[in-house]
Structure formats: C-alpha cells, structure tokens
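A short reminder: the numbers here are calculations on the coordinates, not readings from a lab. None of the values given here were measured: they were computed from a predicted structure. So basically every Cβ, Gly included, is an ideal-geometry build from the backbone, and we count neighbours across all protein chains shown.
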Amino acid sequence: MLAAAIVAVSTAAQAPQQPTQPAQAEQSTAGGTAHPEHEHEPAPTNLQVLPKTLTGDQVHHIMHGWSEALGVHCDTCHTADPGKKGPNGWPVLKFADDSKPEKKAARLMVKMTGEINENYVSMVDEGKGKVTCGTCHRGHLKPEAFVPPPEHDHPRPSVDHHPGL
C-alpha cells in the first residue's frame, strides 16, 4: 500500500510522458496529462489509500491516469451532487463520498497492486517492471479474458524437461 502511494507521489511530480506500452500507463501517474482547466484543484479530503499530503492537482492527475487505464470517467467511482452543475454543465461530483462500490473496489485494487509490487515484483528483475491498473484492465473497466495465442495450443512438456522446477 505504501509502495503504491510512493510510486504515485513520485510519478505525479515528474513531467507527464506518454507511456510506451499499456502496462506502463500508471507508472507515469497512469499516463495522464494535466488539463489546464483542472489546475488548482481543491485540497482532497477522505484520502484513505493515497498519502494525505498530496495536493488537489496531484490527486486529480493520478485519478485522470487511473480513469484512462480503466476506460472510465470520474462518475464511475464518484457520486453526483443532485441539482448542482459545474461551469461546464456537468454534474458536480462529491469526491469524498464513499457510497459507490466501485470506489471501494478501486481502493482495494490500488492496495493489491502496491502489495504485488512490493512483495513480489520487487524480487524479480530488480523490480524494474511494476504492476499497474493498466496491466490487467488495458483501458477496460472489466478486464478482458486472456486468450493464449494459437502457438501455445500444443501440449505442455513434462516437468522432466525443466530441471530445477
């Protein structure tokens, strides 16, 4: 959990960059770029997974990247404030509200990827690669099922062919 938050904070401070592959989407704060109309976002409240020291702009940048990695909009996790519209005509969202199950699932998934990176990926290949939301979701709210390519449709070799396993 802490590792995921540290990665998020450190990448939020970096200059935005375009990811080279889907799994890298969140390594640059999920591949998002800051939008001028969102500069000076209000200070976040009710942060439970991300560090409470993040600014509103940093949190917005991280959230924008996550929304890209999952192919969703803010209202997937955040509830609308009934009757309130922003200057753009869109509903005003209640970001601190925890009533949507999608927000609870997102927090759980952020913790999960942090634990995977800290406890497992860090031990392989010097931890250079990181698991992100985009690793599985690849721009879809529900990850698509993995279908092995046809060249993998051959019988598996026996364990005898793999000494040391």
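Amide H to amide H, which residues 5 or more places from LEU93 or on other chains are under 5 Å from it, using H placed in the peptide plane?
Residues meeting the amide H criterion: ASP81.
When the Karplus curve 6.51 cos²θ - 1.76 cosθ + 1.60 is applied with θ = phi - 60°, which whole-Hz ³J(HN,Hα) does each residue of segment 40-56 get, with x for Gly and Pro?
Karplus values, whole Hz, x for Gly and Pro: 6, 5, x, 4, x, 10, 6, 6, 10, 10, 6, x, 5, 7, 5, 7, x.
Could you pull out which residues in segment 51-83 have an amide N less than 20 Å from a spot 7 Å beyond the Cα of ASP97, following the Cα-Cβ vector?
Counting backbone N atoms under 20 Å from the label point, the list is 60, 63-64, 67, 72-83.
Just order 84-90, 144-150 by mean Cβ neighbour count inside 10 Å, highest at the front, would you? Please report the intermediate quantities before stating the final value.
On the way: 84-90: 9.0, 144-150: 6.9.
Highest to lowest by the protection proxy: 84-90, 144-150.
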